[in-house]
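Chemist: For reference, the structure I am asking about is given below.
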Amino acid sequence: MKKSLFAMAAILGLALTSCSSDDNKNDNKSTFVLKVDDLKGDINDGVVTLDPTQTYTLTGGLVVKGGATLVIPAGTVIKSSATAAATSLYIAVERNAKININGTAAKPVIMTSGKATPAQSDWGGLIIAGNAKVNTGDNGTSEVGGLSYGGNDNADSSGNINFLKISYTGSKYTAEKEYNGVSFFGVGSGTVVSDIYTFESGDDAIEFFGGAVNANNLVMINSYDDSLDFADGWQGTATNVYISGVTKAGVEGSTNAKDPSTAVPMTNAKITNISIVKGGAAFTADEKAINYKEGGGKQTYTNLYVANGMPADLVKLSTDAGVTANLAAGNFTITNYTFGASITNLAGPKLSGTTTGALGAGAGADLPTWANWTK
């Protein structure tokens, strides 16, 4: 009898193991047909993993739908089509989907233009939507990509981005509707974001629309709108930020364009170790090092370096009631800073701490050592 029981238990165990194994395999299957020279379409289910030995051609919108996952291993290269309409070329991640960009310093993931002579706005960029809180509503629609975003889960995860080089983005539908390098719409703090390099973005380099995602080690070179932008109640941190080539503002921060005084949650942004360099003559920084606009919200800068050559006004200030109230409440602060001699008007933020010696991202106007992987 005991032998029979043991035999039955063994058979049952094998059956359970077999079912478990099959379930795991099924979880990783996807109906998406992956084509190296024609990367586009909807990833509706399962896990799709790119091959780092291939160079993929993005020929249209690649959308990771809710419940699916896209994995991009270290060293993978994706180039946009040289002939398709620039606004049709983008990578988007829906709410409840994930993207895992698993680059390394030695082998970053590269997303770039496929044109023989690449230029800003050759293709769209990367768009990620999540379930975190946004003060424009729980079900907004991204201005590009048409993704729904927002919710009440500030700890939501959309996956991870590690060591990504993304270049020649920012294609435009209109002057008010255009892609950024990387756009985060209501993305939660469970998403890991570290080591992003943007180059030649036709609009902003990186923008946070609400959410609570944090980011480390950001390098933004040559952006043709703002470099770092956040709005709509972003509750995050950006640590180690190097900016060079500023067309409008090095950093543009706001609370809410339509309701700058009372929208909740109010933006609460913490920026630590940041360098802002105007760049060559083509870059005018005409909205200053920081553009504090549309309610402004809480903005805390620690260890800020602004290089010589930037406009005389450190900050561009909106005059709306929200900005006025937040300035009066001391919600715009800069602690420990070094400003170049060209900057003579420091009106706006509450300044404190040391006034010389702050090296910003690590090396003042020079690229910091932690960013050597971008060279």
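Chemist: Take the residues in the stretch 261-277 that are surrounded by fewer than 24 Cβ atoms within 10 Å (Cβ to Cβ) and of a type outside the set (A, V, I, L, M, F, W, C), then tell me which one is farthest from G245 (Cα to Cα).
Modeler: The selected residue is T262.
Chemist: Restricting the search to the stretch 250-303, which residues are touching a helix residue (DSSP H, G or I) at 6+ places or on another chain (Cβ under 7 Å) and of a type in the set (F, W, Y)?
Modeler: Hit for the stretch 250-303 is Y292, nothing else.
Chemist: Scan the stretch 70-118 for residues that are of a type in the set (V, I, T) and assigned to a helix (DSSP H, G or I) and report the count.
Modeler: Just the residues of the stretch 70-118 that are of a type in the set (V, I, T), to begin with: 71-72, 76-78, 83, 87, 91, 93, 99, 101, 104, 109-110, 112, 117.
From the residues that got through so far, the ones that are assigned to a helix (DSSP H, G or I) too are 87.
Summing the residues that are of a type in the set (V, I, T) and assigned to a helix (DSSP H, G or I) in the stretch 70-118 gives 1.
Chemist: Out of G309, G280, report the one residue that is surrounded by fewer than 24 Cβ atoms within 10 Å (Cβ to Cβ), part of a loop (DSSP other than H, G, I, E, B) and on the phi < 0 side of the Ramachandran plot.
Modeler: Numbers: G309 fails: on the phi < 0 side of the Ramachandran plot.
So the residue among G309, G280 that is surrounded by fewer than 24 Cβ atoms within 10 Å (Cβ to Cβ), part of a loop (DSSP other than H, G, I, E, B) and on the phi < 0 side of the Ramachandran plot is G280.
Chemist: Here is a follow-up. Considering each residue of the stretch 76-107, count those that are of a type in the set (G, A, S) and surrounded by 16 or more Cβ atoms within 10 Å (Cβ to Cβ), and give that number. Give the derivation first.
Modeler: First, pick out the residues of the stretch 76-107 that are of a type in the set (G, A, S): 80-82, 84-86, 88, 92, 97, 103, 105-106.
Within this subset, residues satisfying the condition of being surrounded by 16 or more Cβ atoms within 10 Å (Cβ to Cβ) are 80-81, 84, 86, 88, 92, 97, 103.
Of the residues in that region, 8 qualify.
Chemist: So if I check each of G170, G124, which one is modelled with pLDDT of 95 or more, surrounded by 23 or more Cβ atoms within 10 Å (Cβ to Cβ), on the phi > 0 side of the Ramachandran plot and not in a strand (DSSP E or B)?
Modeler: The unique qualifying residue is G170.
Chemist: Could you list, in sequence order, the residues of the stretch 283-303 that are at positive phi and in a strand (DSSP E or B)? Outline the logic, then answer.
Modeler: The initial filter retains those residues of the stretch 283-303 that are at positive phi, namely 285, 288, 294-297, 303.
Across the stretch 283-303, the qualifying residue is only N303.
Chemist: Now for a separate question. From N336, N326, N372, which residue is at pLDDT 95 or above and over 28 Å from I196 (Cβ atoms)?
Modeler: The unique qualifying residue is N326.
Chemist: Does the stretch 50-69 hold any residues that are buried (at least 17 other Cβ atoms within 10 Å of the Cβ), free of Cβ contacts under 8 Å to residues at least 40 places away in the same chain and either polar (S, T, N, Q) or part of a strand (DSSP E or B) (or both), and which are they?
Modeler: Matches in the stretch 50-69: Y56, T59, L62, V64.
Chemist: So, one more: Which condition does S352 not pass, out of (1) under 22 Å from T237 (Cβ atoms); (2) surrounded by fewer than 17 Cβ atoms within 10 Å (Cβ to Cβ); (3) under 27 Å from the mean Cα position of the chain (by Cα), if it passes all the others?
Modeler: Of everything listed in (1) under 22 Å from T237 (Cβ atoms); (2) surrounded by fewer than 17 Cβ atoms within 10 Å (Cβ to Cβ); (3) under 27 Å from the mean Cα position of the chain (by Cα), S352 misses just condition (3).
Chemist: If you don't mind, another one. For the stretch 185-242, which residues satisfy the criterion of being among the charged types (D, E, K, R), assigned to a loop (DSSP other than H, G, I, E, B) and surrounded by fewer than 24 Cβ atoms within 10 Å (Cβ to Cβ)? It would help to see each step written out before you state the result.
Modeler: Initially, the stretch 185-242 is screened for residues among the charged types (D, E, K, R), giving 195, 200, 203-204, 207, 225-226, 229, 232.
In the following step, the residues that additionally are assigned to a loop (DSSP other than H, G, I, E, B) were identified as 203-204, 225-226, 232.
Hit for the stretch 185-242 is D225, nothing else.
Chemist: Also: Would you check which residues across the stretch 48-67 are in contact with a Lys or Arg (Cβ under 8 Å, 6 or more places away or on another chain) and under 15 Å from G159 (Cα atoms) and list them? Break it down stepwise before answering.
Modeler: Residues of the stretch 48-67 that are in contact with a Lys or Arg (Cβ under 8 Å, 6 or more places away or on another chain), as a first pass: 52, 55-62, 64, 66.
Scanning the stretch 48-67 gives V64, G66.
The values are calculated or read from the model by the stated rules, or taken from the named source; none is laboratory data. Keep in mind that this is a model prediction, so the values were computed, not measured. Don't worry about glycine lacking a Cβ; one is built from the backbone with ideal geometry, like all the others, and counts go over all protein chains shown.
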